[in-house]
Amino acid sequence: MSNGFTNWWKERVPTGGLNYPVPKHANTFLYTLGGITLVSTLLTILTGIILAQLYSPTPEQANESIRFLLNNYELGNFIRGLHYWAAQVTITAIILHLLRVFFYGSYKKPREANWLLGVILFLVMVGLYYTGTILKWDQEAFEALEHAQAGGELLGGPLAAYFAENPTVSMLSKFFSLHTSILPLVLLGLIPLHLLLIKALKISPLPFKSKAEKEANAAKNLHMLIIKMIQRDKAHSWFISNI
């Protein structure tokens with residue numbers, strides 16, 4: 001039954017073109033950091049969609065709606081905790097992933113564009129983390145908001161206008177819009193492009209040779225040396241026999 005459904009699905013949804021060769025070294029922990037980031041990001045988005053249904057983005061009710069969620073819904077505390085810790089894992093994993101790419105030289109030709117995309121994705125993640133902090137609308141959120149407004153005034157221009165007080169639109173509503181629509185749309189637009197470039201350019205090689213590769217190269221060099229010695233001995237014997 002399962003095989004029949006699998007064949008039916010493969011005929012109608014061909015996904016074979018998404019496959020690409022995965023080298024052995026890509027199965028190590030450092031090379032899985034990108035995948036960990038992706039999974040934790042999807043988990044954060046999923047739990048965020050649930051939380052958004054129970055959140056009131058108004059200064060008067062924002063923090064109270066969170067407290068109501070925690071105290072009156074059976075899985076409210078679990079969902080919010082899952083959202084919070086998934087966000088922590090995402091930020092930690094993407095930082096480690098960027099460091100791995102940088103120190104392993106995986107950003108070099110021909111992967112410069114994908115490196116730039118990764119940096120932009122990191123900045124978007126930081127923006128999501130920051131705006132999520134403000135949505136709590138507690139003391140930590142007020143301090144974070146003050147930093148944002150001070151930064152906007154310092155930089156001036158559109159940022160100053162965006163962070164300026166508006167009697168008709170609360171600052172919380174602006175950050176709620178950033179957190180739940182603008183930044184997620186940018187994120188969901190860049191992730192497929194990032195993955196597409198990984199598929200096209202393949203997973204980057206190790207910047208150094210593994211022990212197995214060194215042993216294989218040593219064996220190959222020894223084999224070539226023996227062949228050259230045999231060929232030299234044959235040439236020497238032929239020369240002696242023809243004198």
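The values are calculated or read from the model by the stated rules, or taken from the named source; none is laboratory data. If you're wondering where the values come from, they're calculated on a predicted model, not measured in any experiment. No Cβ is skipped: glycine too gets one built from the backbone with ideal geometry, and neighbour counts run over all protein chains shown.
Overview of values
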quantity: Verdict on Ala164 being free of Cβ contacts under 8 Å to residues at least 60 places away in the same chain, of a type in the set (Gly, Ala, Ser) and in contact with a Ser or Thr (Cβ under 7 Å, 6 or more places away or on another chain); calculated: no
quantity: So Leu33, is it touching a Leu at 6+ places or on another chain (Cβ under 8 Å), surrounded by 14 or more Cβ atoms within 10 Å (Cβ to Cβ) and closer than 30 Å to Phe208 by Cβ; calculated: yes
quantity: Total residues in segment 4-30, condition surrounded by 10 or more Cβ atoms within 10 Å (Cβ to Cβ) and under 30 Å from Pro207 (Cβ atoms); calculated: 8
quantity: Residue under evaluation Leu135, criteria (1) in contact with a helix residue (DSSP H, G or I) (Cβ under 7 Å, 6 or more places away or on another chain); (2) exposed (fewer than 14 other Cβ atoms within 10 Å of the Cβ); (3) not small (Gly, Ala, Ser), criterion not met; calculated: (2)
quantity: Enumeration of residues in segment 167-198 that are outside any helix (DSSP H, G or I) and either of a type in the set (Ser, Thr, Tyr) or touching a Gly at 6+ places or on another chain (Cβ under 9 Å) (or both); calculated: Thr168, Ser170
quantity: Of all residues in segment 90-106 being among the polar types (S, T, N, Q) and either under 14 Å from Val39 (Cα atoms) or modelled with pLDDT of 95 or more (or both), the one that is surrounded by the fewest Cβ atoms within 10 Å (Cβ to Cβ); calculated: Thr92
quantity: Unmet requirement for Gly189, which otherwise passes all of (1) modelled with pLDDT of 95 or more; (2) touching a helix residue (DSSP H, G or I) at 6+ places or on another chain (Cβ under 9 Å); (3) not basic (Lys, Arg); calculated: (2)
